[in-house]
4 protein chains.
Amino acid sequence: MATPSETRSQYGSERLITFSDGVMAVAITLLVLDLKLPEAASQGSLAEALPGLASALWCYALSFVVIGVLWMAHHNQFANIPRVDGGLLWVNLIFLMCVVLIPFVTSLLSGHDGALPTICYAAVLTANCVMLALIWWYARRTPGLMAADVSEQDRSMGLLAPLLVAAVFAGSIGVAYAFGPTAGQWTWLLAAGAGWLANRLTSTDANANLV
Amino acid sequence: MATPSETRSQYGSERLITFSDGVMAVAITLLVLDLKLPEAASQGSLAEALPGLASALWCYALSFVVIGVLWMAHHNQFANIPRVDGGLLWVNLIFLMCVVLIPFVTSLLSGHDGALPTICYAAVLTANCVMLALIWWYARRTPGLMAADVSEQDRSMGLLAPLLVAAVFAGSIGVAYAFGPTAGQWTWLLAAGAGWLANRLTSTDANANLV
Amino acid sequence: MATPSETRSQYGSERLITFSDGVMAVAITLLVLDLKLPEAASQGSLAEALPGLASALWCYALSFVVIGVLWMAHHNQFANIPRVDGGLLWVNLIFLMCVVLIPFVTSLLSGHDGALPTICYAAVLTANCVMLALIWWYARRTPGLMAADVSEQDRSMGLLAPLLVAAVFAGSIGVAYAFGPTAGQWTWLLAAGAGWLANRLTSTDANANLV
Amino acid sequence: MATPSETRSQYGSERLITFSDGVMAVAITLLVLDLKLPEAASQGSLAEALPGLASALWCYALSFVVIGVLWMAHHNQFANIPRVDGGLLWVNLIFLMCVVLIPFVTSLLSGHDGALPTICYAAVLTANCVMLALIWWYARRTPGLMAADVSEQDRSMGLLAPLLVAAVFAGSIGVAYAFGPTAGQWTWLLAAGAGWLANRLTSTDANANLV
């Protein structure tokens, strides 16, 4: 089926999946390190300090769901990408580099005021969605990587869905800049809606859980 | 056996298990980060500082066993759930979100006095048990997820056992509020007993190691 | 071969291995968190601060090898234990609890003077070796867990080897108490020798890499 | 094919790969812990503090790619090494010990001025490449470990390529010492070039992604 030269530079995707699962599992768990009471509070009354954690807890839940959704989307993509080559390893590495930034921007978001944390958070999520689209684009254009039974419609939607969500997050940067962080964060609900809509238009499960 | 439309939105549970194992392995290992001598003590005598760690060591052992038991229960559940769908991925994600909170409430419990840390700890454990019950409930009511050879009695006990343990933990919140944290923590022994009892009543091993 | 009641409470050991590998991989990597320059040094000259890291680097290498050897020993044990039951899950959990304490006693050893850190370190390693012996003892006495082709001699040596190493570490506690930490740490070389000797006496590879 | 005595001390490489993937996944994710705003900045203006992170972000991206490339090289090596013995477990453990040092030297590089951080970073990368060469050398000279269909040319290049990259990193230590850290870091581009060149000369994919 594949020529010898093709098979020599391609592998099964099992170890890429194991490594990616490991990185995302560590990144999602590191989110808990941001839930820390201020040192001063540990000698004072815990009851007074806990309400100050409400924002950190909210950011924890938000980012846990975000990384979880990215993991599901990656899960769904590679259910249709049984083989990888060197180039896909690189694209996947840059994707993971963006995922691991999420705990950092989460601590920005939970610990700082103003529009800048919201802008940084939206920028990192935009990058993550673009990288998801790039993984799919690369696997689609390289012969031998994507499973042969993926329909033409699914091949297109697998690209459109993450780009649509990326566009909403990119737009929220402008909204946060112009109308403040709260307005920017409300825009993120649109991303969930966009992901759900793209999902409805897909017959296959390639993006079944993307947002 | 399954219609084409069913198989398209369902996967084998291998990668969900890999990811969940990774998250729980990281969460259980992060517990060691809470074992830190106070900065002041590192210049003083270690012999004087170590007894102050007794409480932290006790909380470390408690939470290590708790996460270990949750892992065993999850292990047992998915030995009977060979297939997952998008909804189960979500329920499992919320379960993991509750597991990862355990290192946080452990540091509350080891570093603070009063009833509040005990209440927070019991609340997180209640949430964990409820999510375990939800995983089982979801897998039971969705055709094609649970193995066909799970007996009707086991299908019921798999739901009742975690709910029973959750009820004990929820009750310990009230006990801690009314009678203080020590009384609340003694109540947790009942949870171990409840889990053991539920286990005896189960013919299968679906909950063989739940508390 | 196995009666139905036996098989119902036993599983393949794959997921226990995955979880244990995850916990040990995280614990061994957390050792790097102890390699930190003192805050004061970060503003001063790095060249002056680096020599102060020599002790921390030495402890890092020591504990990396220790956890690595424990992983190899665990690896070798479960190459001969294809099936696990609930009891073995518990024994393995306590073993992991002792492994995860190693980063903590490593930071004691690298950051504190006197015999106490050496005593704590030796105590944790003793506990680890005892738990390894317990895993082997439990798997040997429970029908259906250990592979049938493990020779009687290997079944004995798999128990004796970790107990021998445990005895040396326990002895080093007394040495450190009586003659100081340096003498105690030199005793640890005996543990490496004891492990190597036990290894020579074993025909199989069950303990091929235990110290 | 293999004599009984050979097979008794050799294993499949699956669990070594799982453990190594876990360690590298945690090490690459711990890089994010170095992205922290200074405490003082968290009360001041975030906009003023963020530019101070540019250096840390650059070091994060550099080390993420470095660990990723080491993972790919390890990935490619073990695609040709289906079996391991006790000695290879040890060589691989020392390799992992060098990988886990990367987050430490990354924090040196991002937080300190002068040539010393660049020298430490280059020294750790040299050690990593030498260990990669040692893994390949050990697997090549031990009967039964390497797949039989690896060509003689690939067996040589698998050794030469990491040694060539190691030589460049070792040379950059001298360059940084003589001409300052910036010159030393520019030398690292040569390592990428050397890896790419070695790659071109290799017919197989054994080193397809080494730098």
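Could you say which residue among B:Ala56, B:Ala61, B:Ala73 is at the interface with another protein chain (Cβ under 7 Å from one of its Cβ atoms), within 30 Å of B:Leu189 (Cβ to Cβ), in a helix (DSSP H, G or I) and among the hydrophobic types (A, V, I, L, M, F, W, C)? Break it down stepwise before answering.
On the way: B:Ala56 fails: at the interface with another protein chain (Cβ under 7 Å from one of its Cβ atoms); B:Ala73 fails: at the interface with another protein chain (Cβ under 7 Å from one of its Cβ atoms).
Testing whether each residue is at the interface with another protein chain (Cβ under 7 Å from one of its Cβ atoms), within 30 Å of B:Leu189 (Cβ to Cβ), in a helix (DSSP H, G or I) and among the hydrophobic types (A, V, I, L, M, F, W, C) leaves just B:Ala61.
The selection criterion, being within 13 Å of chain C (Cβ to nearest Cβ), open to solvent by less than 10 Å² (accessible area, probe 1.4 Å) and under 18 Å from A:Leu33 (Cα atoms), holds for B:Met24.
Say we look at the stretch B:144-154 and pick out the residues that are touching a residue at least 24 places away in the same chain (Cβ under 8 Å) and assigned to a helix (DSSP H, G or I); which of these is surrounded by the most Cβ atoms within 10 Å (Cβ to Cβ)? Explain how you work it out, then say what you get.
Narrowing the stretch B:144-154 to residues touching a residue at least 24 places away in the same chain (Cβ under 8 Å): B:144-147, B:150-151, B:153-154.
Right, trim to assigned to a helix (DSSP H, G or I) and you get B:153-154.
Numbers: B:Gln153: 13, B:Asp154: 20.
Of everything passing the filter in the stretch B:144-154, B:Asp154 is surrounded by the most Cβ atoms within 10 Å (Cβ to Cβ).
Screening D:Ala47 on (1) surrounded by fewer than 23 Cβ atoms within 10 Å (Cβ to Cβ); (2) touching a residue at least 12 places away in the same chain (Cβ under 8 Å) shows it passes everything except condition (2).
Looking only at residues that are touching a residue at least 12 places away in the same chain (Cβ under 8 Å) and within 21 Å of A:Gln77 (Cα to Cα) in the stretch A:170-193, which one is most open to solvent (accessible area, probe 1.4 Å)? Restricting to residues being touching a residue at least 12 places away in the same chain (Cβ under 8 Å) and within 21 Å of A:Gln77 (Cα to Cα), the top hit is A:Ala192. Within the stretch A:84-97, the set of residues being in a helix (DSSP H, G or I) and either open to solvent by 20 Å² or more (accessible area, probe 1.4 Å) or facing chain D (nearest Cβ under 10 Å) (or both) comprises A:Gly86, A:Gly87, A:Leu89, A:Trp90, A:Val91, A:Asn92, A:Leu93, A:Ile94, A:Leu96, A:Met97.
The residues on offer are D:Ile119, D:Ile81, D:Ile67, D:Ile102, and the sole one that is of a type in the set (Val, Ile, Thr) and open to solvent by 10 Å² or more (accessible area, probe 1.4 Å) is D:Ile119.
Would you mind finding the one in D:Leu108, D:Leu101 that is over 16 Å from the mean Cα position of the chain (by Cα), within 12 Å of chain C (Cβ to nearest Cβ) and closer than 22 Å to D:Val69 by Cα?
Exactly one of D:Leu108, D:Leu101 is over 16 Å from the mean Cα position of the chain (by Cα), within 12 Å of chain C (Cβ to nearest Cβ) and closer than 22 Å to D:Val69 by Cα, namely D:Leu108.
Scanning the stretch C:122-143 for residues that are more than 14 Å from chain B (Cβ to nearest Cβ) and open to solvent by 30 Å² or more (accessible area, probe 1.4 Å) returns C:Val130, C:Leu134, C:Trp137, C:Tyr138, C:Arg140, C:Arg141, C:Pro143.
The values are calculated or read from the model by the stated rules, or taken from the named source; none is laboratory data. Here the structure is a predicted model, which means the values were calculated and not measured. Every residue, glycine among them, receives a Cβ derived from its backbone with ideal geometry; neighbour counts consider all protein chains shown. These area figures cover heavy atoms from the full protein model, side chains too; ligands, DNA and RNA do not enter into them. Shrake-Rupley method; radii C 1.70, N 1.55, O 1.52, S 1.80 Å.
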